[in-house]
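Heads up, the thing below is written out as structure tokens.
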Amino acid sequence: MTDVREGIYSARYRWTTIGALALVFLNAFQTLAVTTIMPLISAELDGQELYALAFAAPLAAGVVGMVIGGNWADRVGPAAPLYVSAVIFTLGLVIAGVAPSMAVLVLGRLVLGFGGGAVTVALYVLIARVFPATLHPKVFAGFSTAWVVPALVGPAAAGFIAEGIGWRWVFLAVVVLVAGSTGLILPSVRALTPAEGDAPPWALRRIAWSVLAAAGVLAVSLSGQAGEESAGESAVPVVLAVVAAAVALFAARTLVPRGTLLAGRGLPSIILLRGLVSATFFGAEVYIPYLLQAEYGFDAAIAGLALTGGTLTWATAAQLQGSARLSDAACLTGGSLLLLASTSVVIVATVWMLHPAVLMVGWAIGGAGMGLAFPRLNTMTLARSAIREQGFNSAALTIAQSLGAALALAITGVIVVYFASLGGAVSFVAVFVLAALFALAAVIVSPRVRELR
């Protein structure tokens, strides 16, 4: 029996907590760092046309990793999926770190995305198996807090590293730390006993659908590249992008609970909401430093600081929802409204080229919205999951997150191509308008997470 006085840092859970938070920390550093330095990387490798694909690729590949990792975790527990996926994630970092061209960098991002997706699901299942339900909100709040230090030093440090010793070390420096963080979790996963009952079979059909969904996302991004080559004069790339996005969404139906795409009440809407808030935040985030460098003339180190405020408010709001007695409705609807307000401020600041401080404040508002909604979606999903469904539902949640962000990034890549000829910040405005539409959809869906009595 668990002592109610035990916390996530008590003797029983200390090293598991530290190891899990360390893995989240490293992922946070890598994500924020790459967002900051990608303009430099694409310029050095002459791969501006693959800019959006470099972000969409790991998210799309992560969908496949999540399905395989979730199915594997349901079969044998989280240990083997966690260790194997950590190795794959490390391999992707190495490939990206030594990439001689933008295409190879995208390949590395695909590999690390696959491994990272499986790591995320394995961690969720580990939390469900190791920690009691009363500690789940604190664990997920800790995940959000693990982004604080990378937010404070990551973007600026990445800029200084890239301009000092080279951007490749932003990838390679993370490699050694992944193994140590994974090792801290070893005692906990060894102590886990197999779940009762027969292990579920390999979900080969779901894996095949996940590959199709990932291919659809990548096809949307590649259609943007085709539009770049045709100087945006042909409508064919746009048609291909629409078809590819439809294929990705059709394939995604089998990867999430029934009724998710139609905002069915309860768990389906929880999963859908995760996709919408992710599309809003991550679809716009990668263009904040890009805008500051391209239109305001900031260098990479200073432009990266724009992301710091959003991550700090994310962590602060996450701690608030984890410790205060806020209802699910307050967290989800409030978070969605803050995201809508954030994207609206960013649009206004971009249209009139207001002082960059306005842009940064607007983005900080969005971070607070994510801090309220994101951890609460985690705990709500686990609370509705039987032990044999923890892998599937955790995978569905993270799949919705990755597909939402990946599709948003892929579509923004097409948007940037077709608005680039207008000059100025028009293409950035179009990107942020798309993000605001996703936020509006999140506001509409958020009340449907409650089941009808």
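The values are calculated or read from the model by the stated rules, or taken from the named source; none is laboratory data. All of these numbers come straight from a predicted model, not from anything done at the bench. Here the Cβ positions follow ideal geometry from the backbone for every residue, glycine too, while neighbour counts run over all protein chains shown. Just the protein is used for accessible areas: all its heavy atoms, side chains included, with ligands, DNA and RNA removed. Shrake-Rupley method; radii C 1.70, N 1.55, O 1.52, S 1.80 Å.
Per residue, the average separation of C-alpha pairs within less than 8 Å and at least 6 apart gives the stretch 54-137 a relative contact order of 43 percent.
The phi-based Karplus calculation (6.51 cos²θ - 1.76 cosθ + 1.60; θ = phi - 60°) puts the 3J(HN,Hα) values of the stretch 342-350 at 4, 5, 5, 4, 5, 4, 4, 5, 6 Hz, whole numbers, x for Gly and Pro.
Sequence-distant contacts, meaning Cα pairs under 8 Å at least 6 residues apart, place the relative contact order of the stretch 299-431 at 28 percent. For the chain, relative contact order (Cα pairs under 8 Å, six or more residues apart, normalised by length) works out to 24 percent.
Net charge near Leu320: determine it from the other residues with C-beta under 15 Å of the C-beta of Leu320, scoring Lys and Arg +1 and Asp and Glu -1. My count for the surroundings of Leu320 gives +2. Give the shape of the stretch 66-134 as rounded, prolate or oblate, defined through the alpha-carbon gyration tensor: a ≥ b ≥ c are the square roots of its eigenvalues, a/c under 1.5 means rounded, and otherwise the shape is prolate if a/b is larger than b/c and oblate if not. The shape class here is prolate. Against the chain, whose longest principal axis is taken from its Cα atoms, helix 300-323 shows a tilt of about 30°. In the chain, taking the dipole from charged Cβ atoms about the Cα centre, the farthest positive-side position among Ser336, Gly47, Thr260 is held by Thr260. In this simple spin-label approximation, Arg14 and Thr254 carry label points 7 Å from Cα along the Cα→Cβ vector, and these lie 4.8 nm apart.
Of the listed residues Tyr13, Tyr296, the order by accessible area with a 1.4 Å probe, largest first, is Tyr296, Tyr13.
The stretch 342-370 and the stretch 395-453 have Cα centres lying 16 Å from one another. Approximating the spin labels as points 7 Å out from Cα along Cα→Cβ, the Val358-to-Leu186 distance works out to 5.5 nm. Charge tally around Trp169: other residues with Cβ under 15 Å, Lys/Arg +1 each, Asp/Glu -1 each, net -1. For the chain, the share of accessible area belonging to carbon and sulfur comes to 69 percent (1.4 Å probe, ligands and nucleic acids excluded). Axis of helix 426-445 versus longest Cα principal axis of the chain: the two differ by about 30°, to the nearest ten degrees. Residues in the chain average 39 Å² of solvent-accessible surface per residue, probe 1.4 Å, ligands and nucleic acids excluded.
Rounded, prolate or oblate: which one fits the chain, using the alpha carbon gyration tensor with axes a ≥ b ≥ c (rounded when a/c is under 1.5, else prolate when a/b beats b/c, else oblate)?
Rounded, because the longest to shortest axis ratio a/c is under 1.5.
With no solvent and one equal point scatterer per Cα, compute the Debye intensity ratio I(q)/I(0) for the stretch 267-357 at 0.14, 0.16, 0.19 Å⁻¹ and report its log10, rounded to two decimals. Treating every Cα as an identical point scatterer, log10 I(q)/I(0) equals -0.61, -0.76, -0.99.
Relative to the 2.2 N^0.38 Å rule of thumb, the stretch 223-377 has a C-alpha radius of gyration ratio of 1.21.
The residues neighbouring Ala213, those whose beta-carbon lies less than 12 Å from its own, together hold a net charge of +2 under the Lys/Arg +1, Asp/Glu -1 convention. Per-peptide packing, taken as the mean over residues of other Cβ atoms within 10 Å, places 129-136, 372-379 in the sequence 372-379, 129-136 from highest down. Round to the nearest 0.05 the FRET efficiency obtained for Ser327 and Asp46 when R0 = 56 Å and r is the Cβ-Cβ distance. The formula returns an efficiency of 0.65 here.
Go ahead and estimate [θ] at 222 nm for the chain from helices alone: -39,500 (n - 2.57) per DSSP H run with n ≥ 4, summed, over the residue count, rounded to 500.
After summing the helix terms and dividing by the residues of the chain, the value is -27000 deg cm²/dmol.
In a fully extended conformation the segment linking Ala294 and Arg388 would gain 28.9 nm over its present Cα-Cα distance, using 0.36 nm per residue. Here the calculated FRET efficiency for Ile207 and Val348, from their Cβ-Cβ distance with R0 = 51 Å, stands at 0.70, rounded to the nearest 0.05. Relative to the first principal axis of the alpha-carbon coordinates of the chain, what is the inclination of helix 148-164, with its axis defined by its Cα atoms, in degrees from 0 to 90 and to the nearest 10? So the helix axis and the longest Cα principal axis differ by about 40 degrees.
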